[in-house]
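The values are calculated or read from the model by the stated rules, or taken from the named source; none is laboratory data. The structure displayed is predicted, hence computed values, not measured ones. Cβ coordinates were reconstructed from backbone atoms using ideal geometry, including for glycine residues, and neighbour counts include every protein chain displayed.
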Amino acid sequence: MKSKLMLIFLTYSIAVGVSDLVYAETLFTDPNIPNGETITYVSRVGDKVLTVVEKVVIKKEGEKELYEISSRSNPLDRTIVLEKDTMAIVSVHTVRKYQEVTLDSYLTVIDEKEQFGSDKIKLADFTIMNYLFRGFPFGKLEKLKIGSYREEQKDDYPLNVTCKKREKIEIKGRSVECYKLELGMDGFWGRFFPKTNMWYSVEPPHYLVRYKGQSGRPGSPKRVVELESYTVPE
């Protein structure tokens, strides 16, 4: 029982931001993010305030179009490459900056087979869900089950993301109609772990407007991320 609880805890902790995520072939669709889109967010954890700047560049690799998404902040720089049509992950390059050390990691997805059904997907690792959920099939799918690649847990999908009702978010003096996504756990253990909520603009390209969730493991301070500015080239 203790080992199972620890496994669930580690899976959930990773999903809400302790580790890094990599996505497989997906059920997601292209949200049509414009080339040169730049978004600035303000992230708050307790009294700590952090600015995060994200920029999207559309690139071509042979006949395939890719989104290259760069995210820059004081403690972390990340570059994500996704297939434009499916939002499937190609690579994730992460640089974490600490006082004592800087850590550089690079992940590439190679030879991945389709591992999902009509309402479930598997992840090779867990972090960039907030980017991938821009391609969530809003209005078509209510709930998506999320599992990981573990041979001994072939049918285990402990996490789920649910598309809740639409909500209007007041942000920077304007109202944005949003889809609300709720990330949590199924079954008995779901009562012990907090939900993570994300709001995406109803209008494409479905950019993230607000995020509320744990900053790390259960019991850690809450993180609130809110849109500061959104711009695209004229």
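So how many residues does the range 52-63 have that are surrounded by 12 or more Cβ atoms within 10 Å (Cβ to Cβ) and either basic (Lys, Arg) or closer than 15 Å to ARG96 by Cα (or both)?
Summing the residues that are surrounded by 12 or more Cβ atoms within 10 Å (Cβ to Cβ) and either basic (Lys, Arg) or closer than 15 Å to ARG96 by Cα (or both) in the range 52-63 gives 3.
Quick one: how many residues across the range 12-43 are hydroxyl-bearing (Ser, Thr, Tyr), farther than 24 Å from PRO137 by Cα, in contact with a Leu (Cβ under 9 Å, 6 or more places away or on another chain) and at pLDDT below 50?
Count: 1.
Taking SER3 and the conditions (1) surrounded by 14 or more Cβ atoms within 10 Å (Cβ to Cβ); (2) at pLDDT below 90, which numbered condition does it fall short on, given that it satisfies the others?
Unmet condition: (1).
Applying the selection to the range 25-56, what residues are in a strand (DSSP E or B), touching a Ser or Thr at 6+ places or on another chain (Cβ under 8 Å) and in contact (Cβ under 8 Å) with a residue 40 or more places away in the chain?
Those that are in a strand (DSSP E or B), touching a Ser or Thr at 6+ places or on another chain (Cβ under 8 Å) and in contact (Cβ under 8 Å) with a residue 40 or more places away in the chain: THR38, ILE39, THR40, TYR41, VAL42, SER43, VAL45, THR51, VAL52.
Would you list the strands (runs of 3 or more DSSP E) that sit entirely within the range 58-104 and hold 2 or more residues that are more than 21 Å from PRO205 (Cα to Cα)?
Working: elements: 64-72, 76-83, 89-97.
Result: 76-83, 89-97.
Yes or no: LYS145 closer than 30 Å to SER229 by Cβ and modelled with pLDDT of 85 or more?
no
Which members of the range 167-215 meet the condition of being surrounded by 14 or more Cβ atoms within 10 Å (Cβ to Cβ), in a loop (DSSP other than H, G, I, E, B), of a type in the set (Phe, Trp, Tyr) and without any contact (Cβ under 8 Å) to a residue 60 or more places away in the chain?
Result: no residue meets the conditions.
Output the qualifying pairs, or none if there are none: Cβ atoms under 9 angstrom, residues six or more apart or on different chains, first residue in the range 57-79 and more than 18 Å from ASP104 (Cβ to Cβ), second residue among the small types (Gly, Ala, Ser).
VAL57/GLY36; VAL57/SER70; ILE58/GLY36
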